[in-house]
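Below you'll find the structure, written out as structure tokens, and then a few comments.
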């Protein structure tokens, strides 16, 4: 006797015959199938740390091995990101225009959720290593290294 239920689970009932007194015992095997198999997905690629010049554009990649029923969103330091014209989700990736060290520093994570089962994967953190642009002027005089001052983000040199 075999019984099959094919919606969310497969249930198979099999008879087991014992030689003693002709006894028959049935056992049940429950196997996950159907929508549960959709939860077998992983990041491919997962977001990774990146070096980027301040003011330049960058793209944090995120995708999964099986996109069926998957919705994506991004977090920065554990808080959901709101799309703006400067920083927004582009399909599953995160696009950042004119990277700003004050607005784009922290831990980015991609969250992929199977909307039919509610199962979510959270990526490892990815950080932007934001490199400051330095304006260098050609100078034919000596700069005294002991008279360098830091003012905010800038180094000010006194020319001797």
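Read the figures in this text as sums done on the coordinates, not as results from a lab. What you are looking at is a predicted structure, and each value in this text was computed from that prediction instead of being measured. Note that each Cβ is placed from the backbone with ideal geometry, even for glycine, and that neighbours are counted across all protein chains shown.
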Taking the Cβ of each residue in 42, 88 as the centre, tally the other Cβ atoms inside 10 Å and list the residues starting with the fewest. 42, 88
Whole-Å semi-axes of the range 39-131's equivalent ellipsoid, largest first, each the root of 5 times a Cα gyration tensor eigenvalue? 24, 12, 11
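Would you order 132, 110 from fewest to most other beta-carbon atoms within 10 Å of each residue's own beta-carbon?
Working: 132 11, 110 27.
Taking fewest neighbouring Cβ atoms as first place, the list is 132, 110.
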Expressed in nanometres to one decimal, the distance between label points 7 Å along Cα→Cβ at residue 68 and residue 132 is 5.2
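Working out 0.36 nm times the residue gap between residue 98 and residue 49, then minus their Cα-Cα distance, what length gain in nm do you get to one decimal? Don't jump to the answer; show the numbers that get you there.
Working: separation 49, 0.36 × 49 = 17.64 nm, distance 1.71 nm.
That works out to 15.9 nm of additional length.
Give me 53, 94 sorted ascending by neighbouring Cβ count inside 10 Å, so fewest comes first.
53, 94
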Expressed in nanometres to one decimal, the distance between label points 7 Å along Cα→Cβ at residue 79 and residue 121 is 2.8
